[in-house]
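Undergrad: Here it is, the structure, as structure tokens.
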Amino acid sequence: MNRHTVEPLVAAHVDPPWDPAAWRAAARAALRAGVAPERIDWNGGMQGSLLGGSDLALLPAQRPAPRVPAEFLALASAVLCHRADDRHGLLYRMLWRIAEGERALLQCASDPDVHRATTMAQAVRRDSHKMKAFVRFRAVPGADEEYVAWFEPEHHIVDRVAPFFARRFAGMRWAIVTPYRTALWDGEALAFAPGGSRGDAPAEDAREDLWRTYYANIFNPARLNPTMMRSEMPQKYWKLLPEAALLPDLMREAGARVREMAEREHAAPRRKIPAAPAPAPVLDGSLEALRESARDCRRCPLWQPATQTVFGEGPADARTMIVGEQPGDEEDLSGRPFVGPAGRLFSRALDELGIDRRTLYLTNAVKHFRFEPRGKRRLHKRPDVAHISACNGWLQAEIAHVRPERIVCLGASAARAVLGPGVRLSEERGIWRTREDGVRAFATVHPSWVLRQGDPPAQAAAYAGFVEDLRQLVTA
Ligand code: SF4
């Protein structure tokens, strides 16, 4: 072509504009056709391209498909969610440069394109983090187990973050409404719809109190840093958070609470847990009365950082009792056993075996969540022998009330609590034993152990073994 000829602009369509697959398809077609970055008119807006010009898909391929570093694709998928309109062009210019021989482009942090793309990706990741932390679902009045949350992200991150909520709240039906996009989860599949308004989400529901209790319990005044707190939890999100109403009081009282904690620690006996086993809870009265009295248990220190006692649930005359180790994060919040990821895996195994979960009495060896704070997360920490021993009175009382014919112990802690301290899971797994009270029991692994198995084949094998152990409930 004559060097004075002005080549026509090429219009590129990316729909939706934040979709990595759509952008890759357009960029790949442009690269193969040898279209230089300055010849493409990208439109990052919500309407797709409104400009004229050749369609990328119609251009003949002139070169082989380029090989693109995985690192670039990861960067691109974050940058595409940024609200800046020039992001498609920026990424294509970088891709063009890599294809033209600048293979180490991403290693050059001072390059203006790399610097801008990296900064944009960081902003998107920060926004994604905020969405994970500050979305609060509210129950839809009159609907059965349906929840809606309202959130205003700074960038186009809904598609990117929605899978996190699908995993985290797989058992609920929910919608997250934002001004530009709505994510919907029906318990099985994610779908997306146009955005909405704040009025589409209920303002408040009964769970607000649960969140407030939870937050007041995990708030550690000794770690209060108001500046950091305001940057981590910007005030624009406060209106979404039921716990935000507590913050002014908690911050005002922090100094006094720290002094009180120091005095308590000074006055406390060195040994945290009583050496002698705690006396068994009173057995007269109903199972419900037992549950009520466990609410205020202070037999060991685990009650203090936890939200609430998670007592057993199920029919008071259940034939089969399942005993796990301790409640996890979701159980601690909801007050119900076996509702977290391990509980869901357990339910899946029951479904495969045709066992109705509603016929089982489900409980744990320890009734309060033991965890280690790690930033905003609470990491599960195995209970000590002393905690199991302190809590054993509650478990034995549950067994005495329910009088199950058989007990399944999930994990070593449950096995020790039910069958005695000498039991080794590695030797006793799947073997029926009879307790002194005549109740038969066997131990298997905890479903959380199955989830912790690294690669998919190992996890599948662990799961198959777990299901085989539980099959004894069908055959025995
Ligand atoms: S873990 Fe058990 S013994 Fe310890 S406080 Fe909670 S209910 Fe009581």
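The values are calculated or read from the model by the stated rules, or taken from the named source; none is laboratory data. For clarity, every value in this text was computed on a predicted model and none was experimentally measured. In this analysis, Cβ positions are derived from the backbone assuming ideal geometry, glycine residues included, and neighbour counts consider all displayed protein chains. Just so you know, the surface numbers come from the protein's heavy atoms only, side chains and all, with ligands and any DNA or RNA stripped out. Shrake-Rupley method; radii C 1.70, N 1.55, O 1.52, S 1.80 Å.
Undergrad: Could you give me the residue pairs with C-beta distances under 8 Å whose first residue belongs to region 356-368 and is acidic (Asp, Glu), whose second residue is away from the ligand (no atom under 16 Å from the Cβ) and assigned to a helix (DSSP H, G or I) wherever it lies, and which are 6+ apart or on separate chains?
TA: Asp356/Leu350
Residues are listed down the side, and each one gets a yes or a no for (1) open to solvent by 60 Å² or more (accessible area, probe 1.4 Å); (2) at pLDDT below 90; (3) over 26 Å from Thr182 (Cα atoms); (4) in a strand (DSSP E or B):
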{"residue": "Met94", "(1), (2), (3), (4)": "no, no, yes, no"}
{"residue": "Asp113", "(1), (2), (3), (4)": "no, no, yes, no"}
{"residue": "Met120", "(1), (2), (3), (4)": "no, no, no, no"}
{"residue": "Ala123", "(1), (2), (3), (4)": "no, no, no, no"}
{"residue": "Lys130", "(1), (2), (3), (4)": "no, yes, no, no"}
{"residue": "Ala133", "(1), (2), (3), (4)": "no, yes, no, no"}
{"residue": "Val161", "(1), (2), (3), (4)": "no, no, no, no"}
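Undergrad: Scan region 96-107 for residues that are open to solvent by 60 Å² or more (accessible area, probe 1.4 Å) and either part of a loop (DSSP other than H, G, I, E, B) or of a type in the set (Val, Ile, Thr) (or both) and jot them down.
TA: Glu100, Glu102, Arg103, Ala104
Undergrad: On to the next question. When you scan region 385-404, do you find a residue that is touching a residue at least 40 places away in the same chain (Cβ under 8 Å), more than 16 Å from the ligand (Cβ to nearest atom), open to solvent by less than 10 Å² (accessible area, probe 1.4 Å) and in a loop (DSSP other than H, G, I, E, B), even just one?
TA: Within region 385-404, one or more residues are touching a residue at least 40 places away in the same chain (Cβ under 8 Å), more than 16 Å from the ligand (Cβ to nearest atom), open to solvent by less than 10 Å² (accessible area, probe 1.4 Å) and in a loop (DSSP other than H, G, I, E, B).
Undergrad: Let me ask something else. If I filter region 368-382 down to residues being within 15 Å of the ligand (Cβ to nearest atom) and touching a helix residue (DSSP H, G or I) at 6+ places or on another chain (Cβ under 6 Å), which single residue comes out as most open to solvent (accessible area, probe 1.4 Å)?
TA: Ranking the qualifying residues of region 368-382, first place goes to Arg370.
Undergrad: Taking the criterion of being under 23 Å from Arg198 (Cβ atoms) and assigned to a helix (DSSP H, G or I), would at least one residue in region 72-91 satisfy it?
TA: Checked region 72-91: no residue is under 23 Å from Arg198 (Cβ atoms) and assigned to a helix (DSSP H, G or I).
Undergrad: Mind checking which residues of region 181-215 are aliphatic (A, V, I, L, M) and either open to solvent by 70 Å² or more (accessible area, probe 1.4 Å) or modelled with pLDDT of 80 or more (or both)?
TA: Passing the criteria: Ala183, Leu184, Ala189, Leu190, Ala191, Ala193, Ala201, Ala203, Ala206.
Undergrad: Restricting the search to region 431-453, which residues are touching a residue at least 12 places away in the same chain (Cβ under 8 Å) and either within 17 Å of Pro327 (Cα to Cα) or surrounded by 20 or more Cβ atoms within 10 Å (Cβ to Cβ) (or both)?
TA: Answer for region 431-453, where residues must be touching a residue at least 12 places away in the same chain (Cβ under 8 Å) and either within 17 Å of Pro327 (Cα to Cα) or surrounded by 20 or more Cβ atoms within 10 Å (Cβ to Cβ) (or both): Ala441, Phe442, Ala443, Thr444, Val445, His446, Pro447, Ser448, Trp449, Val450, Leu451.
Undergrad: Looking at Leu360, Leu345, Leu350, Leu302, which is the one that is of a type in the set (A, V, I, L, M), within 16 Å of the ligand (Cβ to nearest atom) and open to solvent by less than 60 Å² (accessible area, probe 1.4 Å)?
TA: Leu302
Undergrad: Identify, by number, the condition in (1) assigned to a helix (DSSP H, G or I); (2) within 13 Å of the ligand (Cβ to nearest atom); (3) not basic (Lys, Arg) that Ala414 doesn't meet.
TA: (2) is the only condition that Ala414 fails.
Undergrad: Could you please give the count of residues in region 308-327 that are part of a loop (DSSP other than H, G, I, E, B) and either open to solvent by 20 Å² or more (accessible area, probe 1.4 Å) or free of Cβ contacts under 8 Å to residues at least 60 places away in the same chain (or both)?
TA: Final tally of qualifying residues: 10.
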